[in-house]
Structures are given as C-alpha cells and as structure tokens.
Amino acid sequence: MILAQITDLHVRSPNLPSHFQFEPVQMLKNAVARLNGLKPRPDAVIVTGDLVDCGRPDEYELLAETLAPLEIPHYLIPGNHDHRDNLRETLRSRHPYLPETGFLHYVVEDYPLRLIGLDSTTIGDDKGLLCDERLSWLAARLAEAPDKPTLLFMHHPPFRTWMREMDALNCRNGDKLRALLADHPQVERVACGHVHRPIQVRWEHAIASVSPSTAHQLHLDFEEPLTGYTLEPPGFLLHLFDPEDGIISHMVQINPFPGPFDFHPTARADLRKDLV
Ligand SMILES: [Fe+2]
C-alpha cells in the first residue's frame, strides 16, 4: 500500500487581501498534479490539517474545487486554521466519512494499514488538545483491532520539535496520547502537520513525523522565536506499507527539477580500472 500525506495547504479566499508571497491554490494544484502523476499511484491520501487559511466556507469551496482533479481517495482532518463546522457543512457531502456531529475524527478500514484520523483542534485556540472525550474515543477504536498495523494522523504534533514557537502551539497533552500508545504496539506511525517542515522522532515504540507543507515552510531556527516562513521547495510524504517491512517513508518535492541523468557506469569503470 502507498499512502501519501499532504499537509498545511492554507487555501486562502480570493475575497481576502493576501499577505502571502506565494499562491497556495496554485501550489496545491501542483501537488495534485504530482500525486496523480506518481507511478504507481498512491492508494490513498491523508490531508493533515490547515486545509484553508481562515476557516471560511468560500475557502472550503475553493479547496474542494482544487482537490476535485485528485484521482485518489483522500481523507481530511482539521488544523488550527480550520473551522470544524464550516469544514463539515461545506465538505461532508463530498467526504461522507466525516461525522455528522462532534469532533472530526474517524477510522478508515479499507486498507492493510488501518488509518485513524484525529481532530486535535480547539475552537478559538491555535494550540492542540486531545481531551478526555477524544482520548476515550481513540482508546475504544484501538481496542477494536489490536493486531492490525495502524497509522494515526493528526494536525498538532504531540511531541517536542525544538521549534520554540511551534512547540508552544503543539498538542498540549501529548503525554496522555503517549501513555495510551504504550498499550497499543499496533500503532506504527503518528503522522502530523502544523510545523511546515519534515521532522521525525522515535515516540514510544512508534515513529512520529511531520510532513512539509504543500505551500510555505517555516524558517528553521532553534534559538529565536518564530522568524517567519520561507519559500523552500514544497513537498509531501509517501508512506509505503508492507506487512513485513512496516512503514517506509519518502519525502517528495513537488516542483519540477532537472534529471534523472544517466550515471554512465561504463565510463566510471574505465576511470577506476587502474586503481589498486
Ligand atoms: Fe499550517
């Protein structure tokens, strides 16, 4: 199975003044084209939050329009820039796995890797939280399939990244999620967004990771508070799953680049033949 992860699309309404030095809708179109062109094509795509920039219904309409050409099943969860009810009301007819009420989390059972989407958002607060109600829901879902390899996906990382400003806005009670995972070795990966950089960490028995954004990346700085964003190449992750190997993740850059070029192995062998 091949699972793609795109994140932090930040689709912004054309009816709002833009403060960006980039065009998130065009960048998402580029990501969709890159995903559709992959061979083999991924089986599914998870979209780990900050789907839009301001949580407005017109932004969710624009998001749906931009994702419509994506020829791969895709699953959405909210981030701190999203608005839970606007997302649900605008997109649920096209994404019927989204619950009718309450938190926007769900299980996808259609693949050899079980996918659990978690809603870590808090209305009116950029920080993430998995409250007791959400942790209880997750505990019940994990208890249903203790032997099936599982990937959790959520917007806010529940672990420290050393990006100071973002760590202040991560999932506030990651320790509780970590304690829950300790009883569920079937969870192989916790796939997150929010930090707009590629990050990996061993977390309990699992690997936890952050995908780069399809749009802007955050400036890498471990000393100063957040100093802004950069136009480093946008990207996404491909999580390849095989029951024997587990999950193998690759980072993919979205924009075109030169290559591939031939290694000319014969010429190299000629140059090395006199070496002892
Ligand atoms: Fe974001």
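So which residues in region 212-234 are within 10 Å of the ligand (Cβ to nearest atom) and aliphatic (A, V, I, L, M)? Correct list: A215, L218.
Could you list, in sequence order, the residues of region 209-224 that are open to solvent by 60 Å² or more (accessible area, probe 1.4 Å) and touching a residue at least 60 places away in the same chain (Cβ under 8 Å)?
F222, E224
Listed conditions (1) surrounded by 12 or more Cβ atoms within 10 Å (Cβ to Cβ); (2) more than 18 Å from I254 (Cβ to Cβ) are all met by L237, apart from (2). Within the set T161, T230, the sole residue that is crowded, with 17+ Cβ neighbours inside 10 Å and polar (S, T, N, Q) turns out to be T161. Taking the criterion of being acidic (D, E) and within 13 Å of the ligand (Cβ to nearest atom), the only residue of region 1-33 that qualifies is D8. Only one of the numbered conditions (1) assigned to a loop (DSSP other than H, G, I, E, B); (2) open to solvent by less than 70 Å² (accessible area, probe 1.4 Å); (3) more than 25 Å from L115 (Cβ to Cβ) is violated by D8, and that is (3). How do the pairs read when you match residues in region 72-100 that are within 19 Å of D43 (Cβ to Cβ) and at pLDDT 95 or above with residues anywhere that are within 16 Å of the ligand (Cβ to nearest atom) and open to solvent by 20 Å² or more (accessible area, probe 1.4 Å), using Cβ under 8 Å and keeping only pairs 6 or more apart or on different chains? Once the first residue is within 19 Å of D43 (Cβ to Cβ) and at pLDDT 95 or above and sits in region 72-100, no partner that is within 16 Å of the ligand (Cβ to nearest atom) and open to solvent by 20 Å² or more (accessible area, probe 1.4 Å) comes close enough. Of all residues in region 259-271, none satisfies being closer than 19 Å to P158 by Cα, open to solvent by 30 Å² or more (accessible area, probe 1.4 Å) and more than 18 Å from the chain's Cα centre (by Cα).
Let's see how each residue does on (1) over 17 Å from T7 (Cα atoms); (2) open to solvent by 10 Å² or more (accessible area, probe 1.4 Å):
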position: L51; (1), (2): no, no
position: R56; (1), (2): yes, yes
position: H74; (1), (2): no, yes
position: E89; (1), (2): yes, yes
position: E100; (1), (2): yes, yes
position: P112; (1), (2): yes, yes
position: E133; (1), (2): yes, yes
position: S136; (1), (2): yes, yes
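Test T121 against the stated conditions and say whether it is in contact (Cβ under 8 Å) with a residue 60 or more places away in the chain and surrounded by 13 or more Cβ atoms within 10 Å (Cβ to Cβ). Against the criterion (in contact (Cβ under 8 Å) with a residue 60 or more places away in the chain and surrounded by 13 or more Cβ atoms within 10 Å (Cβ to Cβ)), T121 qualifies.
The values are calculated or read from the model by the stated rules, or taken from the named source; none is laboratory data. All figures in this text were calculated on a predicted structure; none of them were measured in a lab. Virtual Cβ from ideal backbone geometry, glycine too; neighbours counted across all protein chains shown. SASA here: full protein model, heavy atoms, side chains in, ligands and nucleic acids out. Shrake-Rupley method; radii C 1.70, N 1.55, O 1.52, S 1.80 Å.
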